[in-house]
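Worksheet: the structure to be examined is printed underneath.
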Amino acid sequence: MNNEKYIREDERTPEDLRDIRMEIDVLSNANGSAYIECGGNKIIVGVYGPREIHQKKYSKNYGAVLRCKYNMAPFSVKQRKKSGYDRRAAEISKLITEALKPCILLEKYPRSSIDISIEVLEASGGTRCLGIVGASLALADAEIPMKDLISACAVGKIDDHIILDPSEYEDNNGQADLPIAMMQRSKNITLLQMDGKLTHEEFIRGMNLGMKGCKIINDMQRELLIKKYNGGIE
Ligand code: ADP
């Protein structure tokens with residue numbers, strides 16, 4: 001398929017991300033926070049910690065415990081979503097925790113917890129990846145030591161074309177969905193999921209496109225942090 005000439009339902013080329021707006025330090029009561037808008041998504045993230053914990057079940061933990069909770073508000077989708085923690089939210093919370101863990105220096109904070117709340121105010125495809133992007137920014141805003149920033153974005157397949165950052169329509173009507181999260185400096189991939197079917201060649205092309213998307217997002221994250229905390233000096 002000629003990917004170059006394919007124009008998507010929202011007029012993007014296959015390699016375009018949706019417009020993204022990121023902010024940090026948006027909540028006054030959390031230690032760190034971030035807000036992300038991308039397409040029709042609106043996501044806010046708050047980080048609390050590191051805080052001392054005394055629960056016995058964590059007493060053998062070598063470093064800090066990372067606890068991440070992803071939640072979609074009932075008004076985040078067109079048909080009111082039942083409020084509460086469902087199986088999808090539990091799965092996404094777990095995979096976001098695992099995606100973030102490798103970049104945080106948890107060993108610096110024994111007997112402590114770092115809690116991340118990801119609240120999806122409006123959802124429009126790609127919320128797990130944007131949640132990771134927001135969490136990474138909020139952790140930096142909380143001045144929690146990290147090896148690197150984590151960036152994330154998904155790749156999809158629709159009408160036999162490989163596309164970057166699927167919209168909700170493309171997510172629901174596509175042939176495959178491949179969310180990726182990665183640490184930019186080490187190029188370590190910390191999340192890789194796949195729904196649907198891709199050939200080996202499409203998978204490789206999709207991974208390369210997804211990594212390109214992560215790099216663009218990482219540049220935006222870095223630029224935002226540099227502007228906010230370093231007066232624009234690298
Ligand atoms: P992601 O948001 O990470 O792409 P999914 O693939 O599970 O996760 O969901 C794709 C999109 O489908 C979501 O971003 C959201 O727009 C929509 N969606 C997910 N769950 C629901 C739900 N319970 N009700 C309505 N829409 C939903």
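The values are calculated or read from the model by the stated rules, or taken from the named source; none is laboratory data. Keep in mind it's a predicted model, so treat the numbers as computed, not measured. All Cβ positions, glycine included, derive from the backbone under ideal geometry; neighbour counts span all protein chains shown. Note: areas computed on protein heavy atoms with side chains; ligands, DNA, RNA excluded. Shrake-Rupley method; radii C 1.70, N 1.55, O 1.52, S 1.80 Å.
Look through SER151, SER117, SER186 and report the one residue that is open to solvent by 20 Å² or more (accessible area, probe 1.4 Å) and in a strand (DSSP E or B). Outline the logic, then answer.
Values: SER151 fails: open to solvent by 20 Å² or more (accessible area, probe 1.4 Å); SER186 fails: in a strand (DSSP E or B).
Exactly one residue qualifies, and that residue is SER117.
Figure legend. Inter-residue proximity from the range 164-175: first residues on the phi < 0 side of the Ramachandran plot and in contact (Cβ under 8 Å) with a residue 40 or more places away in the chain, second residues assigned to a helix (DSSP H, G or I) and more than 8 Å from the ligand (Cβ to nearest atom), beta-carbon distance below 8 Å, spacing 6+ or different chains. Indicated pairs: LEU164/LEU209; LEU164/GLY210; LEU164/LYS212; LEU164/GLY213. One residue is enough: does the range 210-223 have a residue meeting the conditions open to solvent by 20 Å² or more (accessible area, probe 1.4 Å), of a type in the set (A, V, I, L, M, F, W, C) and free of Cβ contacts under 8 Å to residues at least 24 places away in the same chain? Taking every residue of the range 210-223 in turn, none turns out to be open to solvent by 20 Å² or more (accessible area, probe 1.4 Å), of a type in the set (A, V, I, L, M, F, W, C) and free of Cβ contacts under 8 Å to residues at least 24 places away in the same chain. For residues that are touching a helix residue (DSSP H, G or I) at 6+ places or on another chain (Cβ under 9 Å) and modelled with pLDDT of 95 or more, tally how many sit in the range 167-185. Count: 8.
Of all residues in the range 57-102, those being of a type in the set (Phe, Trp, Tyr) and either away from the ligand (no atom under 15 Å from the Cβ) or assigned to a helix (DSSP H, G or I) (or both) number 3.
Of all the residues that make up the range 127-166, how many are within 16 Å of the ligand (Cβ to nearest atom) and either under 14 Å from GLY46 (Cα atoms) or modelled with pLDDT under 95 (or both)? Steps first, answer last, please.
Pass one, the range 127-166, residues within 16 Å of the ligand (Cβ to nearest atom): 127-136, 150-158, 163-166.
Pick out the ones that are also either under 14 Å from GLY46 (Cα atoms) or modelled with pLDDT under 95 (or both) and you get 130-136.
Counting residues in the range 127-166 that are within 16 Å of the ligand (Cβ to nearest atom) and either under 14 Å from GLY46 (Cα atoms) or modelled with pLDDT under 95 (or both) gives 7.
Does the range 21-53 hold any residues that are outside any strand (DSSP E or B) and within 16 Å of the ligand (Cβ to nearest atom), and which are they? Steps first, please.
Let us first name the residues in the range 21-53 that are outside any strand (DSSP E or B), namely 25-31, 39-40, 53.
Those that are outside any strand (DSSP E or B) and within 16 Å of the ligand (Cβ to nearest atom): GLY39, GLY40.
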